[in-house]
Amino acid sequence: MGEAKQHVASGEPPGLAGLAARTGADLADLILPVGCAGCAEPGVPLCRTCRDCFSALRRCEEDTVLLAGGTGFPTWTSSSYTGAVRHIVLAWKSGARADLAAPVYELGRHAGRRLAEQLELGHPTSPGALAEPQLLVVPAPSGWRRRLARRLVAADLARAVAHGVAETTGSTVWAADILRRSGVSTHGLGASARARSGRRSVRSRSTVPPGLPVLIVDDVVTTGATIEACRRRLRSCGGQVAGAYALAATPPPGRTTLEGEEARVTEC
C-alpha cells in the first residue's frame, strides 16, 4: 500500500505501465507535436512570451461602439484581439486546443487578481456574513451550439476571474451562468443592428439579490453589444452592475492596438 501511494503521489504509473505511458506520450508528440497556440514554439501550449501578451489590465470601453461616449461603464481587457492573441483565443474558443483550458484559466485568474484592485467590494462585518457574496461574476450567454457541445468558454473564464478576485480580497465571490440568448446569433451584424437585436437577445434564468455588485465576463468584446445587453438585463434583475471584463478586445477600425496600449502587443 505504501509503495502504491508513492506512485500515485508522483503521478507516474509503476513499472512497465509507466514506461508504456511515457513511450505513448513521446510517440504522440512525434505524430502531433505540441506547440504554442500563438507562435508555435514547440513543447508548450502557451509560451511565456505569448502569455505575457495578456499580463496587463486596461480599460477598453472607449474602443467600442456601444460602450463609448462617456457612459461611465468600466470595461477591462487583457489584450488586443490581434496577431498571436487572436490565434490563441480562437483555438481556445473552438475547442481545437483542449490543452489551452488550464493556461487560459490561469490568465483569467490573474485578471481577477488585477480586477480586485479596481472593484470596490464590501467587506464582511461578521463571520456569518462570509457566506454572503460580495460579488457575482456572470458570463455572457453562450449560444445553443456551444451549450450542446459543452464549450462554455465564457463560463469557464468567469469562474477563473471569480477565483482570482476571491483569493485576493478574501471576499465570497460567486460565478453564476444565469444568462441565456434569445433568438438568433448577432455575430456578423453591424454595430447598430447588433444594438437593436441585443436589447431583445438576452434573458435571465434568475433574479439577482438587490444591490449585489455584478461583473460581466466575456471572451472577446468588439462593438460592446453583448456586454450592453447583459448589463441591461442584469440591472432589470436587481443587480448593481459594476463593470465588465473580456479576455481580449478588438481594436477600432483603422487601428491595430487599443487606446493607450503599447505597440509591442502587435508583435505577439
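The values are calculated or read from the model by the stated rules, or taken from the named source; none is laboratory data. Source: prediction; values computed, not measured. Cβ placement follows ideal geometry from the backbone for every residue including glycine, while neighbour counts extend to all protein chains displayed.
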Assuming Leu115 fulfils every condition listed in (1) under 30 Å from Gly35 (Cβ atoms); (2) of a type in the set (A, V, I, L, M); (3) at pLDDT 95 or above apart from one, which condition is it? (1)
Anything in segment 41-76 that is in contact with a Cys (Cβ under 9 Å, 6 or more places away or on another chain) and among the small types (Gly, Ala, Ser)? List them, or say none. Gly43
Residues of segment 49-94 being in contact with a Pro (Cβ under 6 Å, 6 or more places away or on another chain) and either over 17 Å from Pro252 (Cα atoms) or not charged (D, E, K, R) (or both), which ones? Ser80
Go through (1) in contact with a strand residue (DSSP E or B) (Cβ under 8 Å, 6 or more places away or on another chain); (2) more than 19 Å from Arg231 (Cβ to Cβ); (3) surrounded by fewer than 20 Cβ atoms within 10 Å (Cβ to Cβ) for Phe54 and report which single condition fails. (3)
